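The values are calculated or read from the model by the stated rules, or taken from the named source; none is laboratory data. As the structure is a prediction and not an experimental result, all values here were calculated from the model. As a convention, Cβ positions derive from the backbone with ideal geometry for all residues, glycine included, and neighbour counts pool all protein chains shown. Heavy atoms of the whole protein, side chains included, go into the accessibility calculation; ligands, DNA and RNA do not. Shrake-Rupley method; radii C 1.70, N 1.55, O 1.52, S 1.80 Å.
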Amino acid sequence: MRAEMTNVVGAIEKSLALLAKRLNYETAPYRLEEFNAIIEDPSLWDDQERAQKLMRDRQLLVDAISIYEGIKQDLSDNLEMIELGELEEDLEVVKDAENALKALAKTAGEKELEALLDGEADSNDTFLEINSGAGGTESCDWALMLARMYVRWAEKKGYTVELQSETAGEEAGIKSASYKITGHNAYGWLKSESGVHRLVRISPFDAAAKRHTSFCSIWVYPVVDDNIDIEVNPSDIRLDTYRSSGAGGQHVNTTDSAVRITHFPTGIVVTSSEKSQHQNRDIAMKALKSRLYQMELDRRNAAINEAHDNKGDAGWGNQIRSYVLQPYQMVKDLRTSYETSDTKGVLDGDLDGLMAATLAMNVSGKSRADAKGE
C-alpha cells in the first residue's frame, strides 16, 4: 500500500479509537439491552417527560454504535478491495477503494469532532440571538443575511428552528432576532459562533456603488434542562408586556402578548413574542435561566468561552470572523485563521468547516491567542 494510503488508514483508525473510547464501546451492547428492557415496561409512558428522554438517549446510543461499526466495516471492506485489486493488478479497483478511503477519512474525522462535543451543555438545544451593530441599514440587512445563513445551516443538520422574537429594521432587514434551535449537539456546534461578524461588500443601498463595512453580533447560549436548578429572585427582575410586530410574511406578529424580562443584577434582557402571554412568560423565563447558566459555564471554562466573555460591541476591533465579498471573495475566522473562498456556500449555511476548526482548537487546549499566533 502506498504511503499516502497508509496515512489515510492511520487517520481513520485514530478516529475509530477515539469514537470507541467516547462511546465506551465494550459496554455499549449491555447498555442498549438495558434501554430495551426499560422501554418494554408499559408503565414507562406514565411519565411522558422521562419516557421521551429515555427514547432520545437510546436513539443516541443506537446511532453512535451504528456510526462506529459502519466506519469500521467500511475500512475493512476497502482494505480488502485494495488487497484484491493489487493481487489481480486491477488498478481501477485499487483507485476506487483508495478514493473511498479518503472520503471515509473525512467522514470519520467529522464524527470524531462530534464525539468531542462532550461539554456539560454541548448536547443541549440552543438559543441564538442576532443583533445588528455599527452600519445602520447595512447592518440590519447583514443581520437578515446571518439569520438566513444560520437557519439554512440548522436545516441541513436536521435541526428544528423556532423564531422566538424579531424586530424589523427601519428600512430593510432586521435589527434583531432570537431563535431556538433544537437538535442533538446544537449548542456544542453553535457556541463557537458567539461574537462579532463583519461584512465587506458593495452596498445594494448605495447609488454610488461604494464598498461598505457592516457588523452584527451573535450570542449563543444553551437551553437549560428542567433538572438544572437556576434560582431567579423575583425582586431581581422586571416583566413588561408590549405590542410586537414582525417583519412580514411568515413572521407577522401583531399581538399585545409579547413579554420582555429584565434581570437587574446582570443587565440581561430576554423577549418572546410568538405565543400567548402565559407561554411567552414561560419561554422568556427559560431563556433568562439559560443566559444565567451560560454565565456560570463561562466562569467555569473561561478559556473555551473566551469569545463570549470578550464579545464586545458590534464594531471595529471586536470581530471573530470577516466575510469579504468585494474586492475579493473570502470568509476568514480570525481565531483559527481558517479561510475559504466559497462565500456563497458559507452564506448558504456551509459552516461546518469554520465551526470544526474552532472546536478542534478548543479541545486541543490551546488559547485563541496561541492558535492565532501559530
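Computed values, structure above
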quantity	calculated
Residue tally, condition under 13 Å from Asn124 (Cβ atoms) and at pLDDT 60 or above, over region 220-235	6
Subset of region 341-362 (residues that are among the charged types (D, E, K, R), within 15 Å of Arg321 (Cα to Cα) and without any contact (Cβ under 8 Å) to a residue 24 or more places away in the chain)	Asp342
Filter pass, Ser192 being open to solvent by less than 30 Å² (accessible area, probe 1.4 Å), at pLDDT below 95, in contact with a helix residue (DSSP H, G or I) (Cβ under 6 Å, 6 or more places away or on another chain) and among the hydroxyl-bearing types (Ser, Thr, Tyr)	yes
Residues of region 78-103 that turn out to be exposed (fewer than 13 other Cβ atoms within 10 Å of the Cβ) and either touching a His at 6+ places or on another chain (Cβ under 8 Å) or among the acidic types (Asp, Glu) (or both), as a count	4
Candidates Tyr25, Tyr68, filtered to the one that is at pLDDT 90 or above, in contact with a helix residue (DSSP H, G or I) (Cβ under 9 Å, 6 or more places away or on another chain), of a type outside the set (A, V, I, L, M) and in a helix (DSSP H, G or I)	Tyr68
Which numbered condition Ser176 fails, given (1) in a strand (DSSP E or B); (2) surrounded by fewer than 16 Cβ atoms within 10 Å (Cβ to Cβ)	(2)
Matching residues, region 195-224, being outside any strand (DSSP E or B), crowded, with 18+ Cβ neighbours inside 10 Å and of a type in the set (A, V, I, L, M)	Val223, Val224
Residue satisfying all of: in region 333-364; aliphatic (A, V, I, L, M) and part of a loop (DSSP other than H, G, I, E, B); surrounded by the most Cβ atoms within 10 Å (Cβ to Cβ) among these	Leu351
Residue, nearest to Ala287 (Cα to Cα), within region 198-227, restricted to residues that are of a type in the set (A, V, I, L, M) and more than 28 Å from the chain's Cα centre (by Cα)	Ile202
Top-ranked residue of region 126-163 - restricted to ones that are under 24 Å from Ile283 (Cα atoms) and free of Cβ contacts under 8 Å to residues at least 24 places away in the same chain, ranked as surrounded by the most Cβ atoms within 10 Å (Cβ to Cβ)	Val161
Matching residues, region 17-65, being under 25 Å from Ala115 (Cα atoms) and hydroxyl-bearing (Ser, Thr, Tyr)	Tyr25, Thr27, Tyr30
